[in-house]
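S.K.: Take a look at the following structure, please.
None of the figures in this text is laboratory data; all of them are computed from the coordinates on show. All of these numbers come straight from a predicted model, not from anything done at the bench. Glycine also receives a Cβ, built like all others from the backbone with ideal geometry; neighbour counts cover every protein chain displayed.
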């Protein structure tokens, strides 16, 4: 997690605060995931959720002109939620583009073209969409 939060402009104290806020958000998500019945999940699942959260934070900060300011003034949980919104929009745009490509596909016997459209892209989008739906359920 330290490497993922290696933002050059943050002091050690600010990094610790951001880390703490993200862990608090992770704890909140785990409790909701468990239906409020406890805060225990497999370590691997918690690590995967945290990595997803950090990815969302990075996506948001990379898309924001005032990233440095926001990094210092916006809570870690809010950075995650804003980033999740960005990622959701990106996946929606990819789905729309994919439907356009399928609707205008070229009739061909080219195996790699057909496999890409029929299997590879849906194979990527399905788990990504399911993962986002699970995240939305627990946030």
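S.K.: Here are some conditions: (1) loosely packed, with under 14 Cβ neighbours inside 10 Å; (2) part of a helix (DSSP H, G or I). Residue 129 meets all but one. Which one does it not meet?
M.R.: Every listed condition holds for residue 129 apart from (1).
S.K.: Would you be able to tell me the number of residues in the range 96-113 that are loosely packed, with under 15 Cβ neighbours inside 10 Å and assigned to a helix (DSSP H, G or I)?
M.R.: 10
Conditions (1) out of contact with any strand residue (DSSP E or B) (no Cβ under 9 Å at 6 or more places or on another chain); (2) surrounded by 15 or more Cβ atoms within 10 Å (Cβ to Cβ); (3) under 24 Å from residue 127 (Cα atoms), marked per residue:
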residue: 9; (1), (2), (3): yes, no, no
residue: 28; (1), (2), (3): yes, no, yes
residue: 32; (1), (2), (3): yes, no, yes
residue: 35; (1), (2), (3): yes, no, yes
residue: 43; (1), (2), (3): yes, no, yes
residue: 46; (1), (2), (3): yes, yes, yes
residue: 53; (1), (2), (3): yes, yes, yes
residue: 80; (1), (2), (3): yes, yes, yes
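S.K.: Scan (1) closer than 26 Å to residue 9 by Cβ; (2) under 13 Å from the mean Cα position of the chain (by Cα) for the single condition residue 91 breaks and write down its number.
M.R.: Condition (1) is where residue 91 drops out.
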